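Take a look at the structure below.
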Amino acid sequence: MKFVANYLDEPGAGIYDQKDSDLLDSYSNTVVNVTKRVSSSVVQVKVIKNRKKGDNTASSRSLEANGSGFLISTDGLLVTNNHVAGDCEKISIVLQDGRTFQPVIIGFDPYTDMAVLKIDATGLKALSFGNSDALQVGQMAIAVGNPFGFNYSVTAGVVSALGRTLRSESGRMIENVIQTDAALNPGNSGGPLVNSRGEVIGVNTAIIAMAQGLCFAVSSNLARYIIGKIVLEGKVKRAFIGIAGQTIHLSERIVSYNKLDTESGVFVAEKDRYEGVYNSEIFKGDIIVGLNQSSVHSVDDLHRLLNEDMIGKVIDLTVLRNNLKTIIKVIAGELKAA
């Protein structure tokens, strides 16, 4: 006991406890201040989902669900997830002050899981977007949403990783996804992920079931681009060439003989004719390994390369036919949303 007493009487004893307390206060103050700035711009999205066509069983009754969203303009534009607001019989937007509105649908993009809606309301406060390209692993990330209907819940964590890819419900990959350990639960979808300045750095979109601390958000820069396209044009345009394919591995002999830059490609399993698409030179069984000057390693590569700029353009496709490399011409059409 004497030793303990002497230790506590020594100069500087307890200094680390005081520093930790100061740091905790600083961290807490940041979260509190950000929450105050952000929460009034976060909305609850209440939906009644459509029942499946032709299914009249009791299990197919219209399903009530909740999600989150946030205001991006003072005239009522708001963002949420496509999987929250898409395919609904009814959508209601509830503000923090309790006001409820029926929104106008501006547009959806199922390929990045984004949706833009608009409400006719006054006294709104909008959030601003930060630059997700400037994010660093380890910096603070704060999520605000409505998990399981618990309105305006706040969780805090860090940016766990950058540059992830995540497969959307459409089957396409979403690029530049942010991984965070700020806890998300069903109902957080569509809510904002913000930094210590209250700027939106991501749109919360997914969690890994049965995992802890594995949560994902569409990066703010991608979200801002998609939102702009939806607001201006009602949709995001993408090109396609009218095929169904799958990624396959190529043998070392084929790669070496054809001097390829890729060890995999896209096997053409099906081909159909579509308006605006010229694909007569593609044969079923071809393996696509290049598009213009870019290598094609996978179906996801092909999706990424077939962007809006490719619509209506003549494209050089490099394919393997009978294990020999050849270049064919295609004209891409515009992909119609499902």
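Computed quantities for the displayed model
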item	result
Hits in segment 184-225 - residues which are small (Gly, Ala, Ser) and surrounded by 22 or more Cβ atoms within 10 Å (Cβ to Cβ)	GLY187, SER189, GLY190, GLY191, GLY202, ALA206, ALA217, SER219, SER220, ALA223
Filtered residue count, segment 200-228, keeping only those that are closer than 15 Å to GLY157 by Cα and in a loop (DSSP other than H, G, I, E, B)	3
Subset of segment 32-58 [modelled with pLDDT under 90 and farther than 20 Å from ALA85 by Cβ]	GLY54, ASP55, ASN56, THR57, ALA58
Boolean, GLY228 is surrounded by 13 or more Cβ atoms within 10 Å (Cβ to Cβ) and not aliphatic (A, V, I, L, M)	no
Residue within segment 295-312 that is on the phi > 0 side of the Ramachandran plot, within 28 Å of the chain's Cα centre (by Cα) and in the same structural domain as ILE328 (by TED's automatic domain parsing) present	yes
Residues of segment 147-175 satisfying the condition of being within 13 Å of THR205 (Cα to Cα) and polar (S, T, N, Q)	THR165, SER168
Condition check for ILE201: without any contact (Cβ under 8 Å) to a residue 24 or more places away in the chain and either touching a helix residue (DSSP H, G or I) at 6+ places or on another chain (Cβ under 8 Å) or closer than 30 Å to LEU305 by Cβ (or both)	no
Qualifying residues in segment 19-31 (those that are within 28 Å of SER189 (Cβ to Cβ) and of a type outside the set (S, T, N, Q)) - the one modelled with the lowest pLDDT	TYR27
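The values are calculated or read from the model by the stated rules, or taken from the named source; none is laboratory data. As the structure is a computational prediction, the values presented were derived from the model and not from experiment. For neighbour counting, all protein chains shown are included, and Cβ atoms are generated from backbone atoms with ideal geometry for every residue, glycine included.
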